[in-house]
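Structure record follows, encoded as structure tokens.
The values are calculated or read from the model by the stated rules, or taken from the named source; none is laboratory data. A quick note: this is a predicted structure, and the numbers were derived from the prediction, not measured. With ideal geometry, Cβ positions are generated from the backbone for all residues, glycine too; neighbour counts draw on all protein chains shown. For the accessible areas, the whole protein counts, side chains as well, though only heavy atoms, and no ligand, DNA or RNA atoms are used. Shrake-Rupley method; radii C 1.70, N 1.55, O 1.52, S 1.80 Å.
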Amino acid sequence: MFTHAITRRPSAEMANGITTADLGTPDYHLALAQHKAYCLTLAVLGLDVTVLDAEPGYPDCCFVEDTAVVCDHVAALAPLGAPSRQGEETSIEPVLARFRPVVRVRPPALFEGGDVLQVDDTFFIGLSERTNMAGAKALGNTLARHGSTWHAMEMGETLHFKTDVSFIGDNTLLVSPFFETAPELARFRRIVVDENEAYARNCLFINGTVIVPAGFPRTLAAIKGLGRPTIELDMSEFRKLDGGLTCLSLRF
Ligand SMILES: CN(C)C(=N)NCCC[C@H](N)C(=O)O
């Protein structure tokens, strides 16, 4: 069960955030409203939500998931892989230190939390343009010291591992076709989400409920078909910056 979440409000400069999506400029005020709904949803699901102010100079700062990996015993931080985001990990450190001992991984090791999927005591660490092998090893070894297992995951063209793979409880993953047969994920039931609903591969499982981005009926129906409670949230403004549901919080 999660008891806490940390989020960060969108930046008024979010229009300068990194993106590969061709969906237009995010509307800051709509993003603030969507962010508020997101935080409220986490609170309704039982989490104590810390909402941080936006960080000047960091247009992508609301994607706070990328700044750290938090598990039961430790919070691990590294410089983010995206140069324009390096430094976001610094301001999150004192916040995380209230909850967990903090371990800082040093360059050349780099990782972003969006590349790290935790399922119980196992961590899947995607090797992406943001997370290098040195980062994966440093993070994996830190987690292993506390009894966890980790796997480095080769990836396709995707931004983050969790852009393509998310855990929705009961041993089930939503995956892109790329990960349909990945041997490291063999023990899971895998629901393949095709290109038409690719954005919905990133769902957020909180204490038995699956939060699903609004507008992806086939994925929603597949999750409902498993008997899971679901909540839909409008994520349109974050999607314009390649951000999904998991990206907006650190949960522990
Ligand atoms: C699982 N995902 C996708 C994340 N955790 N982070 C999204 C970061 C988006 C931001 N514009 C960037 O490119 O850094």
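Just one of (1) buried (at least 20 other Cβ atoms within 10 Å of the Cβ); (2) within 16 Å of the ligand (Cβ to nearest atom) fails for residue 105. It is (2).
The rows are residues; the columns are (1) in a loop (DSSP other than H, G, I, E, B); (2) among the charged types (D, E, K, R); (3) within 14 Å of the ligand (Cβ to nearest atom).
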{"residue": "20", "(1), (2), (3)": "yes, no, yes"}
{"residue": "31", "(1), (2), (3)": "no, no, yes"}
{"residue": "39", "(1), (2), (3)": "no, no, no"}
{"residue": "43", "(1), (2), (3)": "no, no, no"}
{"residue": "66", "(1), (2), (3)": "no, yes, yes"}
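Considering only residues in segment 226-250 that are away from the ligand (no atom under 12 Å from the Cβ) and of a type outside the set (Ser, Thr, Tyr), the one that is farthest from residue 41 (Cα to Cα) turns out to be 226.
Scanning segment 172-192 for residues that are within 18 Å of the chain's Cα centre (by Cα) and within 15 Å of residue 228 (Cα to Cα) yields 172, 173, 174.
Among all positions in segment 199-212, there is at least one residue which is in contact with a strand residue (DSSP E or B) (Cβ under 8 Å, 6 or more places away or on another chain) and among the charged types (D, E, K, R). Is segment 131-142 home to any residue that is modelled with pLDDT of 95 or more, within 14 Å of the ligand (Cβ to nearest atom), within 17 Å of the chain's Cα centre (by Cα) and surrounded by fewer than 17 Cβ atoms within 10 Å (Cβ to Cβ)? The answer is no, given that none of the residues of segment 131-142 is modelled with pLDDT of 95 or more, within 14 Å of the ligand (Cβ to nearest atom), within 17 Å of the chain's Cα centre (by Cα) and surrounded by fewer than 17 Cβ atoms within 10 Å (Cβ to Cβ). Considering segment 159-252, the qualifying helices (runs of 4 or more DSSP H), each wholly inside and each with 3 or more residues that are open to solvent by 40 Å² or more (accessible area, probe 1.4 Å), run over 217-225.
Look through segment 29-56, keep the residues that are under 27 Å from residue 83 (Cα atoms) and free of Cβ contacts under 8 Å to residues at least 40 places away in the same chain, and return whichever of them is surrounded by the most Cβ atoms within 10 Å (Cβ to Cβ). Filtering first and then ranking leaves 32. The condition (being within 15 Å of the ligand (Cβ to nearest atom), within 19 Å of the chain's Cα centre (by Cα) and without any contact (Cβ under 8 Å) to a residue 40 or more places away in the chain) is satisfied by just one residue among 93, 88, 197, 112: 88. When residue 49 is tested against the conditions (1) modelled with pLDDT of 95 or more; (2) part of a helix (DSSP H, G or I), the lone failure is (2).
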